[in-house]
Amino acid sequence: MQALYLRLTERLLPGLHGDRASLPFSKELLKRDRKLLQLAHDNERRRGIAGHWTFDPNRLIALRQAVALASTLARKLEKTI
């Protein structure tokens, strides 16, 4: 699930992790990412409400899924610690 998360976040927010595939996950990293993904989700949602031409409904769905995935991974890390 971590590989999927890294692929998804790299696609939605390029350059967020750099070359993080080899580094371990941490709860703090996931919380920070969740905040950034939620901010991007909110901005995309506002674009859609405003009817802006750059609004992408598929990106909005992907951002929602990425936020949920970050939350799930953070909860799983909390259970293992």
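The values are calculated or read from the model by the stated rules, or taken from the named source; none is laboratory data. The model shown is predicted, which means the values in this text are computed figures rather than measured ones. Positions of Cβ are backbone-derived with ideal geometry, glycine not excepted, and every protein chain shown enters the neighbour counts.
Across the range 49-74, the qualifying residues are those that are more than 15 Å from the chain's Cα centre (by Cα) and surrounded by fewer than 12 Cβ atoms within 10 Å (Cβ to Cβ), and the one among them that is nearest to residue 2 (Cα to Cα) is 57. Could you check the range 32-46 and list, in sequence order, the residues that are surrounded by fewer than 16 Cβ atoms within 10 Å (Cβ to Cβ) and either charged (D, E, K, R) or within 11 Å of residue 9 (Cβ to Cβ) (or both)? Answer for the range 32-46, where residues must be surrounded by fewer than 16 Cβ atoms within 10 Å (Cβ to Cβ) and either charged (D, E, K, R) or within 11 Å of residue 9 (Cβ to Cβ) (or both): 32, 35, 42, 45, 46.
Scan the range 8-15 and tell me whether some residue there is farther than 15 Å from residue 77 by Cβ, part of a helix (DSSP H, G or I), modelled with pLDDT under 95 and out of contact with any helix residue (DSSP H, G or I) (no Cβ under 7 Å at 6 or more places or on another chain).
Step one: list which residues in the range 8-15 are farther than 15 Å from residue 77 by Cβ, which gives 8-15.
Okay, now just the ones that are also part of a helix (DSSP H, G or I), so 8-12.
Add one more test, that the residue is modelled with pLDDT under 95, and what stays is 8-12.
Among the residues that remain, those that are also out of contact with any helix residue (DSSP H, G or I) (no Cβ under 7 Å at 6 or more places or on another chain) are: 10-11.
Within the range 8-15, one or more residues are farther than 15 Å from residue 77 by Cβ, part of a helix (DSSP H, G or I), modelled with pLDDT under 95 and out of contact with any helix residue (DSSP H, G or I) (no Cβ under 7 Å at 6 or more places or on another chain).
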